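Shown next, in structure tokens, is the structure this report addresses.
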Amino acid sequence: MQKSELAGDMLQPCSVPAEATAGNADSFVLFRADRAIKVTAVYWTPNAAVTGANTNNFALGVVNKGAAGSGTTAVTTVKTYASGTNSAANVAETFTLSSTAADLNLAAGDVLALARTVNGTGLASPAGVVNVHYQYR
């Protein structure tokens, strides 16, 4: 049996390092698709609590960087840690998937990444785990 013949969702857990420097935007590689896949769910579990801030905050979203590493296709919507948007330590949160079906498809060799952007002077972000569920196409 080949991987592409497996039914149901596969799971790729991905560790993400903390970003202690509040103003740094970054991109953390999650994995490279070994075959054509469709992302079916994405969860973010921070190792520490996050308390959002009105002006100086960060945002997270999952992006298909393509095989060349320069792609910008949003696989999920962006979660911005503005005032009132918080996360509890060690509690999994669902990222909302893109409503455009084609955005969920990765070709063999495409790289999936967690993009961290900052607003104002930013906000430090904790380490955590991103769990990506996918199906072979």
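The values are calculated or read from the model by the stated rules, or taken from the named source; none is laboratory data. Bear in mind the structure is a predicted one, so any value in this text is a computation, not a measurement. Here the Cβ is made from the backbone with ideal geometry for all residues, glycine too, and neighbour counts use every protein chain on show.
Before moving on, here are some points about what is shown:
- Test: residue in the stretch 14-33 that is in contact with an Asp or Glu (Cβ under 7 Å, 6 or more places away or on another chain) and among the small types (Gly, Ala, Ser): yes
- Residues of the stretch 58-85 that are on the phi > 0 side of the Ramachandran plot and touching a residue at least 40 places away in the same chain (Cβ under 8 Å): Gly66, Gly69.
- When the stretch 14-31 is filtered for residues that are under 22 Å from Ala107 (Cβ atoms) and exposed (fewer than 15 other Cβ atoms within 10 Å of the Cβ), the ones remaining, listed by number, are Ser27, Val29.
- Each residue in the stretch 73-98 was checked for being outside any loop (DSSP other than H, G, I, E, B) and loosely packed, with under 14 Cβ neighbours inside 10 Å, and 2 of them qualify.
- The stretch 56-72: number of residues that are under 13 Å from Leu114 (Cα atoms), polar (S, T, N, Q) and outside any loop (DSSP other than H, G, I, E, B): 1
- Matching residues in the stretch 37-60 - criterion: being under 25 Å from Ser99 (Cα atoms) and of a type in the set (Gly, Ala, Ser): Ala41, Ala59
- Whenever a residue of the stretch 39-55 is touching a residue at least 40 places away in the same chain (Cβ under 8 Å) and part of a strand (DSSP E or B), its partners that are surrounded by fewer than 18 Cβ atoms within 10 Å (Cβ to Cβ) and among the charged types (D, E, K, R), lying with C-beta atoms within less than 9 angstrom and at least six residues away or across chains, give the pairs Val39/Asp103; Thr40/Asp9; Ala41/Asp9; Tyr43/Glu93; Trp44/Glu93; Thr45/Glu93; Pro46/Glu93.
- When restricted to residues that are in contact with a strand residue (DSSP E or B) (Cβ under 7 Å, 6 or more places away or on another chain), small (Gly, Ala, Ser) and within 27 Å of Leu123 (Cβ to Cβ), the stretch 61-111 contains 9.
- Cβ-Cβ under 6 Å pairs, at least 6 apart or on other chains, the stretch 3-24 side part of a strand (DSSP E or B), far side at pLDDT 95 or above and polar (S, T, N, Q): Pro13/Asn131; Glu19/Ser125
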